[in-house]
Amino acid sequence: MIHHAATRFSAAARVRWERSLPCIGIRRVRQLNLDTHALAFGAQQLVCTAPLVVAVGALFRQRPGHGLGMGIARFFGLDHAAAVAVMHLFGRTSPKISTTALLLSLALAVVFAAGVAGVQQRAFELIWNVPNIRSVRSYLYQLAWVPVLAAFTIGMLFVGRFGTWLDVHVPGFGEWSMGALRAVMVIAFYWWSQRLLLSGRVSWRALLPGSIAVGILTVGTLEVAHIFMSDQVTWQLHAYGLIGVAFVISVWLMALSTFVYVGVLIGALLDERHIQRRVAAAAAAAAESTAAGRTAQLELVEADVVAAAEKVTAAAAG
């Protein structure tokens with residue numbers, strides 16, 4: 001008796017798990033080979049977005065607290081020792097930058113970042129199950145995505161500086177406001193990015209839950225980085241030098257890139273479940289309507305039969 005009850009409970013739990021969003025998500029990741037796409041996207045983010053980051057960093061003022069290295073240190077919430085290591089990694093030895101070199105690096109950054117947009121577009125199309133589009137128009141969309149990416153990057157780095165300033169004037173409030181502002185920026189950026197790169201084939205409403213998931217995962221990852229990353233940077237600096245610092249930053253940036261796909265997949269699964277519920281509700285309503293129609297028809301037939309019987313009875317009595 002107990003064994004039979006345990007077997008039934010196990011079977012019911014298995015069915016419930018197979019219908020749950022996490023299980024469906026794992027199956028979808030395997031079907032789309034999304035883990036490989038995520039790793040490739042993370043690697044391409046590092047290789048192709050690096051020129052954009054360096055070019056943007058060249059535009060920063062090279063005074064204490066204004067460099068790209070300090071911006072990255074504040075972005076990840078590093079302590080002083082780790083921040084100094086990151087500033088050394090992104091610092092430059094020459095006080096001057098050739099205008100030609102700067103323009104060339106910006107042009108290369110646009111081309112490479114457009115490639116990142118193309119990879120994201122293909123992954124979004126797989127996740128949302130829409131046909132792949134390769135056209136001049138889609139490439140123009142990818143180019144249009146690049147300056148917004150640059151503005152988004154600068155904004156995310158600037159938020160750390162704003163949070164530090166706010167924490168000085170309103171102690172304890174800077175970290176919370178910084179996290180909330182970052183979440184809003186990430187949600188807005190990936191909400192718009194999905195809509196643009198998918199060429200408007202998915203509605204704004206359907207794209208919003210996934211964008212919110214990306215924002216939550218990004219802020220959560222940054223909070224975890226704030227706890228663990230400083231020690232990792234310091235240890236890698238002592239063990240391998242600045243190349244170790246670059247490795248730690250690369251790993252955390254790849255984690256952030258991976259969570260972009262995870263969040264978008266969550267949004268797609270939620271939209272699919274919403275559609276399934278609407279279809280089931282419509283089917284149930286149609287079934288009820290059909291049943292009600294058949295009942296009405298039977299009632300009419302019965303009424304006709306009764307009326308005919310009454311006529312026959314009246315005729316026989318006459």
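The values are calculated or read from the model by the stated rules, or taken from the named source; none is laboratory data. All of these numbers come straight from a predicted model, not from anything done at the bench. Every residue, glycine as well, gets a Cβ built from its backbone with ideal geometry; the counts of neighbours run over all protein chains shown.
Would you mention how many residues in region 140-166 are under 21 Å from the mean Cα position of the chain (by Cα) and not small (Gly, Ala, Ser)?
Summing the residues that are under 21 Å from the mean Cα position of the chain (by Cα) and not small (Gly, Ala, Ser) in region 140-166 gives 14.
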Open item on the list: Return the pair list, or none, for Cβ contacts closer than 9 Å from residues in region 269-287 that are within 24 Å of Ile26 (Cα to Cα) and touching a residue at least 60 places away in the same chain (Cβ under 8 Å) to residues that are of a type outside the set (Asp, Glu) and exposed (fewer than 10 other Cβ atoms within 10 Å of the Cβ), at least 6 apart or on different chains.
Closed with: Asp271/Arg205
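Within region 270-283, is there a residue that is touching a Phe, Trp or Tyr at 6+ places or on another chain (Cβ under 7 Å), assigned to a helix (DSSP H, G or I) and either surrounded by 13 or more Cβ atoms within 10 Å (Cβ to Cβ) or at pLDDT 95 or above (or both)? Explain how you work it out, then say what you get.
Just the residues of region 270-283 that are touching a Phe, Trp or Tyr at 6+ places or on another chain (Cβ under 7 Å), to begin with: none.
The answer is no, given that none of the residues of region 270-283 is touching a Phe, Trp or Tyr at 6+ places or on another chain (Cβ under 7 Å), assigned to a helix (DSSP H, G or I) and either surrounded by 13 or more Cβ atoms within 10 Å (Cβ to Cβ) or at pLDDT 95 or above (or both).
Would you mind listing the helices (runs of 4 or more DSSP H) fully within region 19-117 where at least 3 residues are of a type in the set (Gly, Ala, Ser), within 30 Å of Val136 (Cβ to Cβ) and at pLDDT 75 or above?
Working: elements: 21-32, 34-59, 68-76, 80-90.
Passing ranges, in order: 34-59.
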Open item on the list: Being surrounded by 10 or more Cβ atoms within 10 Å (Cβ to Cβ), more than 30 Å from Ser20 (Cα to Cα) and modelled with pLDDT of 90 or more: is that true of Leu298 here?
Closed with: no
Task: Filter result (among the β-branched types (Val, Ile, Thr) and either crowded, with 21+ Cβ neighbours inside 10 Å or in contact (Cβ under 8 Å) with a residue 24 or more places away in the chain (or both)) within region 106-118 - done: Val110, Val116
Task: Enumeration of residues in region 119-160 that are without any contact (Cβ under 8 Å) to a residue 24 or more places away in the chain and hydroxyl-bearing (Ser, Thr, Tyr) - done: Ser135
Open item on the list: Name the residue that is nearest to the chain's Cα centre (by Cα), counting only residues in region 213-238 that are surrounded by fewer than 16 Cβ atoms within 10 Å (Cβ to Cβ) and more than 20 Å from Val159 (Cα to Cα).
Closed with: Phe228
